[in-house]
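The structure appears right after this line, and notes come after that.
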Amino acid sequence: TYQDRFVSDYAATNPGEDIAESWTAFVLQPKPAGETIAEEKILFFYDYPELVALRAKIAGRLSSRLRRR
């Protein structure tokens, strides 16, 4: 019923998991268009430059670790 409100089924289990799953989507997925409530939750993190910088740092480290394997 609320698929457009949560980034995953697990995110719908409680508010803490909703935040955690939204953060994970922010870090690992491309920037969404904001067409659903779930995408708006992800876009929230883009309002904070320090989080966008942290996202870039995490992505860079993930990329370098994957290249080493």
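The values are calculated or read from the model by the stated rules, or taken from the named source; none is laboratory data. Since the structure is predicted, the reported quantities are computational estimates derived from the model, not experimental observations. So basically every Cβ, Gly included, is an ideal-geometry build from the backbone, and we count neighbours across all protein chains shown. Side chains are part of the model used for accessible areas, which takes the heavy atoms of the whole protein and leaves out ligands, DNA and RNA. Shrake-Rupley method; radii C 1.70, N 1.55, O 1.52, S 1.80 Å.
Residues of the chain: accessible area per residue at 1.4 Å, in Å²?
Counting only protein heavy atoms, the per-residue value for the chain is 76 Å².
Calculate the dipole size of the chain relative to its Cα centre from +1 charges on Lys and Arg beta carbons and -1 charges on Asp and Glu beta carbons; express the result in debye to the nearest 20.
Dipole of the chain, to the nearest 20 debye: 800 debye.
Between Ile19, Gly60, Ile42, whose Cα lies farthest towards the positive end of the dipole of the chain when Lys and Arg beta carbons carry +1 and Asp and Glu beta carbons carry -1, centred on the Cα centre?
Gly60
How much of the accessible area of the chain, in percent, comes from carbon and sulfur atoms when a 1.4 Å probe is used?
54
Answer with a single label: of (i) 24, 14, 10; (ii) 20, 14, 8; (iii) 28, 11, 9, which was calculated as semi-axes √(5λ) of the Cα gyration tensor in Å from the structure in view?
Read-out from the structure maps to (i).
For a quick protection proxy, order the peptides 9-18, 36-45 by their average other-Cβ count within 10 Å, most packed first.
Taking the mean over residues of other Cβ atoms within 10 Å, the ranking is 36-45, 9-18.
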